[in-house]
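The values are calculated or read from the model by the stated rules, or taken from the named source; none is laboratory data. As the structure is a computational prediction, the values presented were derived from the model and not from experiment. Virtual Cβ from ideal backbone geometry, glycine too; neighbours counted across all protein chains shown.
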Amino acid sequence: MAKHSFWERLFPIKHDFHRMIGNQAEASTNVVGYLSSWLASRSVEDYQHLLREADVANRCRFMMEENLLEAFVTPFDRQDIYSLSVEMDRVVQYSKSTLMEMEAFIVVGDTIIKNMVQQLKVGTDLLAEAIQLLKEDPRKSQLQIGKIRKVQFNIEDEYRTGIVALFNSQDPMHAIKYREVYHHIKDAEIFLGYTTDVLHKIIVRII
């Protein structure tokens, strides 16, 4: 960025924050991908893959925070970098807790759960792509924002459909357990939206 050019000459950027954010985004969408796979397989392998990828995403975030503390110059506002990383981490945590609660409550993945997670995967894929494009082509990165918003609407539609069906259920315990799982996936979608808000702000400032 032009406003950093003087300081970048005096203090060259030591850490590649674009790469670090990209790595966290890739790990985050992998978590959602393994959740989607686990819904179909309920296998120990997919379960363990999800937990390992969640650990990778956490390590990316911790590394980002450490590097922000010592970096004099960053490619864009350090608060935006921090917020982007933290909000992205919440998507991972709610995806992970979805798996944990389904196991604890012995919840079978119904059509609503599968559709919501599938859409969440589409959204996190788009987010990862937008972040990869951020450095070289921020205008193309911006094109992903609207697509992510559509994914959010789709998840919210699925959520409403599922909740209506649960409210009409004759089994209160079934409704309570499934509502809890639906809500965790919706929380992941909400934080996907928050992450996208931060990314959009970064893009607007760059362009």
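Any idea how many residues of region 98-144 are of a type outside the set (Asp, Glu) and closer than 30 Å to Met173 by Cβ? Explain how you work it out, then say what you get.
Taking region 98-144 and keeping what is of a type outside the set (Asp, Glu), we get 98-100, 102, 104-109, 111-124, 126-128, 130-135, 138-144.
Pick out the ones that are also closer than 30 Å to Met173 by Cβ and you get 98-100, 102, 104-109, 111-121.
Summing the residues that are of a type outside the set (Asp, Glu) and closer than 30 Å to Met173 by Cβ in region 98-144 gives 21.
So, Val117, is that one within 17 Å of Asp187 (Cβ to Cβ), in a helix (DSSP H, G or I) and under 12 Å from the mean Cα position of the chain (by Cα) or not?
Against the criterion (within 17 Å of Asp187 (Cβ to Cβ), in a helix (DSSP H, G or I) and under 12 Å from the mean Cα position of the chain (by Cα)), Val117 qualifies.
Can you say whether Leu35 is over 23 Å from Val107 (Cα atoms), part of a helix (DSSP H, G or I) and at pLDDT 75 or above, as far as the supplied structure shows? The answer is no for Leu35. Return yes when Met100 is touching an Asp or Glu at 6+ places or on another chain (Cβ under 9 Å) and under 15 Å from Asp187 (Cβ atoms) and no when it is not. Taking the combined requirement at face value, the residue does not satisfy it. Note on region 127-144: residues that are among the basic types (Lys, Arg) and either surrounded by 19 or more Cβ atoms within 10 Å (Cβ to Cβ) or not in a helix (DSSP H, G or I) (or both) amount to 1. Pull up region 38-57, narrow it to residues that are touching a residue at least 12 places away in the same chain (Cβ under 8 Å) and over 17 Å from Glu101 (Cβ atoms), then point me to the one that is farthest from the chain's Cα centre (by Cα). My answer is Ala40. Can we say Leu99 is more than 14 Å from Glu26 (Cα to Cα), out of contact with any Cys (no Cβ under 9 Å at 6 or more places or on another chain) and of a type outside the set (S, T, N, Q)? Taking the combined requirement at face value, the residue satisfies it.
Among the numbered conditions (1) outside any helix (DSSP H, G or I); (2) touching a Pro at 6+ places or on another chain (Cβ under 8 Å), the only one that Ile203 does not meet is (1).
Under the condition of being surrounded by fewer than 18 Cβ atoms within 10 Å (Cβ to Cβ) and more than 14 Å from Val107 (Cα to Cα), the residues counted in region 173-189 number 1.
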